[in-house]
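Below is one structure, written out as structure tokens; comments come after it.
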Amino acid sequence: WPLVTELPPPSTPLNAAFGDPPAIALRGYDLPERTAVPGSSLDLTLYWQALRPVSDNYAVFLHLAAADETIVAQQDSLPQQGIRPTAGWRENEAILDEHSLDISADVPPGVYHLWVGLYDPATETRPFTQLDGQVQADGRILLGDITIEAAP
């Protein structure tokens with residue numbers, strides 16, 4: 001792969017880091033819509049950067065969860081739909097990672113939290129995670145709220 005080290009500016013910048021010491025940064029994301037209806041999907045682009053060579057092969061998870069932590073939509077995948085596993089990332093390499101989170105037809109209307117994180121598929125453990133230098137005890141980053149509206 002050609003080494004790309006510059007990321008375009010994300011619409012929502014972040015300062016999140018994964019690993020101890022940090023190996024991967026989440027520099028931001030694009031989420032064009034913050035509303036959806038049951039049976040639709042949310043498109044999301046994540047802006048990753050390797051802070052050093054990455055030896056672990058992490059999967060990305062997206063969780064759409066209610067206030068009581070019930071997950072109503074979920075997607076787990078290797079970056080870039082498996083084309084660019086993290087174990088091959090090089091120091092300073094920038095990765096744009098597109099996702100589409102399907103919202104099932106039975107999700108009730110309401111406000112939900114959208115979470116993102118990394119985990120090791122072999123052990124199901126999440127790496128040490130920080131946001132703006134603050135440890136995230138559950139190994140995930142809140143990307144914001146999504147409103148599910150009633151289907152027309």
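The values are calculated or read from the model by the stated rules, or taken from the named source; none is laboratory data. This one's a predicted model, so the numbers in the text were calculated from it and none came from an experiment. Ligands, DNA and RNA are stripped out before the accessible areas are found, and what is left, the full protein with its side chains, is counted by its heavy atoms. Shrake-Rupley method; radii C 1.70, N 1.55, O 1.52, S 1.80 Å.
Give or take rounding to whole Å, what are the principal axis extents of the alpha carbon atoms in the chain, in descending order?
Computed over the chain, the largest-to-smallest principal extents equal 47, 30, 28 Å.
Seen from all sides and averaged, what is the projected area of the convex hull of the Cα atoms in the range 84-129, in nm²?
Averaging across all directions leaves 5.5 nm² for the Cα convex hull.
Name the most mobile residue of ALA73, ALA16, ALA105, meaning the one with the largest mean-square fluctuation, in a Gaussian network model of the chain with Cα contacts below 10 Å.
ALA105
What do the square roots of 5 times the Cα gyration tensor eigenvalues come to for the range 7-64, in whole Å, largest first, as semi-axes of the equivalent ellipsoid? Show your work: numbers first, answer last.
Values: eigenvalues 130, 40, 14 Å².
Result for the range 7-64: semi-axes of 25, 14, 8 Å.
Taking the Cα centroid of the range 15-64 and of the range 82-128, what is the distance between the two, rounded to the nearest whole Å?
5
Classify the range 18-107 as rounded, prolate or oblate from the Cα gyration tensor: take a ≥ b ≥ c as the square roots of its eigenvalues, call it rounded if a/c is under 1.5, otherwise prolate when a/b beats b/c and oblate if not.
The shape class here is prolate.
Provide the per-residue ³J(HN,Hα) series for the range 106-120, in order, calculated from phi with Karplus coefficients 6.51, -1.76, 1.60 and θ = phi - 60°, each as a whole number of Hz, with x at glycine and proline positions.
Whole-Hz 3J(HN,Hα) from phi for the range 106-120: 9, 6, x, x, x, 9, 10, 9, 9, 10, 9, x, 10, 8, 8.
In whole percent, what relative contact order does the range 110-152 give with Cα contacts below 8 Å and a gap of six or more residues?
RCO, the range 110-152: 51 percent.
Heavy-atom accessible area per residue, the range 42-88, 1.4 Å probe: how many Å²?
For the range 42-88, the per-residue accessible area is 42 Å².
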